[in-house]
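Reviewing the structure listed below.
Read-outs: derived from the displayed coordinates by stated rules, not from any lab. What you see is a predicted model; the values in this text were computed from it and never measured. Virtual Cβ from ideal backbone geometry, glycine too; neighbours counted across all protein chains shown.
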């Protein structure tokens with residue numbers, strides 16, 4: 001199969017009247033589809049259940065986006081059996097055929113890009129640019145992983161040996177469980193699911209309860225483009241009912257998870273135990289969050305640094321595992337950067353994502369409770385400069401919050417908050433800044449703002465994170481450009497959207513023939 005070189009999907013400019021009008025039309029169209037009930041999909045068949053879970057708009061809590069049927073353990077047992085049977089033929093389909101389904105899906109999503117974005121505005125609380133970026137990333141994953149599978153389908157050349165023909169091939173693992181997060185409800189869900197199936201595996205997809213409608217619509221779209229029944233089985237359900245059951249099951253070959261540290265560690269622990277009848281060591285691919293920071297040296301563009309700190313900290317309300325929740329500033333520029341960050345934070349506008357306010361709600365009440373607890377902790381640990389309160393009462397709003405004069409070892413400097421909270425630290429020197437950056441159990445993203453080449457090289461060696469950026473923000477990784485994944489408690493450093501990612505869903509097989 002011949003393909004064009006991969007390129008990232010361009011973002012839309014909503015300042016252009018045509019794009020603004022088109023997005024407003026998409027929002028109206030999507031809103032007219034609220035209230036539907038979405039079934040499970042097992043072996044290509046819709047399965048309705050008595051138990052359904054409503055998905056609500058976090059900006060307007062009383063507004064129901066849709067209701068999603070909930071799987072029981074019996075449904076999981078059936079889906080695992082179906083996926084196991086389907087694997088026996090799907091595994092032998094060609095790399096070209098499997099990649100074709102991804103390219104078809106990319107074309108369909110690209111055609112309906114604004115509608116996919118509108119669903120995220122309502123169900124996830126994203127502003128228009130964040131929603132468009134999420135859709136673009138989903139398209140990128142489909143296009144990139146399809147091309148990567150074509151590359152792996154050719155095998156890997158080995159050292160020649162006279163009298164033998166040797167090949168290294170890549171074969172799939174088996175049946176996988178896909179557990180994506182709510183914060184990138186299309187992009188990460190699509191990337192995790194399709195990377196597994198394009199490599200020849202079959203899967204059970206259990207989306208986040210907060211954004212199950214988007215996942216349901218994606219699975220239905222894959223069914224509509226002709227993906228064989230049973231390759232993706234859609235099984236949303238309560239984690240306490242089906243989560244451990246799926247991970248523990250002897251038919252489960254691998255688990256791909258993105259979410260909290262606590263859940264990721266639980267999955268890793270349970271997957272390491274061998275169940276009765278299990279014939280393999282289960283593989284876990286996990287992304288588990290971060291406590292990311294931006295270091296600003298005395299030799300830096302202060303306006304650029306301040307702008308990017310605010311963008312990295314408060315974009316999508318800080319609900320990104322890559323979000324900057326710490327600003328680590330050289331003492332010579334500390335006061336000026338703090339002043340600029342405070343000014344820019346105060347200028348942010350909060351309101352309904354449907355109306356394209358920059359800051360919308362956080363995802364749910366549990367998030368509100370957690371974030372507000374950390375804000376109270378922050379008030380006792382540092383100096384509150386901006387925010388610290390709830391926003392409009394009709395949704396899960398929290399004001400962008402900035403703390404100054406934080407100290408190393410404090411909770412707001414070490415623990416993941418996953419909300420619009422920024423702690424600012426005064427570093428005595430560049431070495432202190434690097435040590436402070438590393439003083440956390442996470443290691444996902446970080447940025448350094450400096451025009452001192454020696455300091456940048458020092459940071460390259462000493463800052464311990466999976467994605468390190470110089471003179472640019474620590475969010476906004478692009479597929480193929482910035483393979484994404486972190487160290488320590490940030491997960492297994494899977495490097496999503498990179499040239500090694502698909503290897504995690506395959507195993508290498510060497511075939512040697514003497515002639």
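Dividing the mean sequence gap of close Cα pairs (under 8 Å, 6+ apart) by how many residues the chain holds gives a relative contact order of 17 percent.
If the chain linking residue 111 and residue 454 were pulled fully straight, counting 0.36 nm for each residue of separation and taking away their Cα-Cα distance, it would gain 118.8 nm. Shown is the FRET efficiency for residue 225 and residue 365, computed with R0 = 51 Å from the Cβ-Cβ distance and rounded to the nearest 0.05: 0.90. Segment residue 67..residue 347, full-extension length gain: 97.1 nm, with 0.36 nm per residue of separation and the alpha-carbon distance subtracted. Once both labels are positioned 7 Å from their Cα atoms along Cα-to-Cβ, the gap between residue 414 and residue 21 label points is 5.7 nm. Using bins of 10 Å that start at zero, the share of Cα-Cα pairs per bin across segment 292-478 amounts to 10, 41, 36, 11, 1, 0, in whole %. Relative contact order for segment 292-478: what percent, with Cα pairs under 8 Å and sequence separation of 6 or more? This gives 30 percent for segment 292-478. Per-residue Cβ neighbour counts within 10 Å put 445, 156 in the sequence 156, 445, beginning with the fewest.
First measure r as the distance between the Cβ atoms of residue 1 and residue 500, then evaluate 1/(1 + (r/R0)^6) with R0 = 22 Å and state the FRET efficiency to the nearest 0.05. Once rounded, the FRET efficiency stands at 0.50.
With r as the distance between the Cβ atoms of residue 272 and residue 428 and R0 = 41 Å, compute the FRET efficiency 1/(1 + (r/R0)^6) and round to 0.05. Kindly include the intermediate steps, with their values, before the conclusion.
On the way: r = 43 Å, r/R0 = 1.04.
Using R0 = 41 Å, I get an efficiency of 0.45.
Seen against the Cα atoms of the chain and their longest principal axis, helix 302-314 is set at about 50 degrees. Let me make sure I get this right: for segment 183-259, a, b and c are the square roots of the gyration tensor eigenvalues over alpha carbons, sorted descending. Under 1.5 in a/c it's rounded, otherwise prolate if a/b > b/c, else oblate. Which is it? It is oblate, given that a/c is not under 1.5 and a/b is not larger than b/c.
A straight chain from residue 260 to residue 281 at 0.36 nm per residue would run longer than the Cα-Cα distance by 5.3 nm.
Alpha carbon centre of segment 347-388 versus segment 163-180: separation in Å? Spelled out, the Cα-based centre of one part sits 45 Å from the other.
Quick check on segment 56-204: take the gyration tensor over C-alpha atoms, sort the square-rooted eigenvalues as a ≥ b ≥ c, and tell me if it's rounded (a/c under 1.5), prolate or oblate. If you can, show how the numbers build up before the last one.
Working: a/c = 3.20, a/b = 1.71, b/c = 1.87.
Oblate, because a/c is 1.5 or more while a/b does not exceed b/c.
Using C-alpha pairs under 8 Å with a sequence gap of at least 6, the mean separation divided by the residue count of segment 171-269 gives a relative contact order of 37 percent.
With a 10 Å radius around each residue's Cβ, average the other Cβ atoms per peptide and rank 168-178, 237-247, highest first. Please report the intermediate quantities before stating the final value.
Numbers: 168-178: 21.9, 237-247: 18.3.
Averaged packing, sorted descending, gives the order 168-178, 237-247.
With respect to the chain, whose longest principal axis is taken over its alpha-carbon atoms, helix 239-248 is tilted by about 50°. Segment 54-114 and segment 270-335 have Cα centres separated by 28 Å. Rounded to the nearest 10 degrees, the angle from helix 334-346 to the longest Cα principal axis of the chain is 70 degrees. Find the centroid of the Cα atoms in segment 1-29 and in segment 198-263, then give the distance between the two in whole Å. Each part reduced to its Cα centre gives a spacing of 28 Å. Volume per residue for segment 414-487 equals 108 cubic angstrom (convex hull of Cα atoms). Spin-label model, residue 307 to residue 240: label points 7 Å out along the Cα-to-beta-carbon direction sit 4.8 nm apart. The modelled label-to-label distance between residue 93 and residue 8, using points 7 Å beyond Cα along the C-beta direction, is 3.0 nm.
Assuming a ≥ b ≥ c are the square roots of the Cα gyration tensor eigenvalues, decide whether segment 19-62 counts as rounded (a/c under 1.5), prolate (otherwise, with a/b larger than b/c) or oblate. It comes out oblate by the Cα gyration axes.
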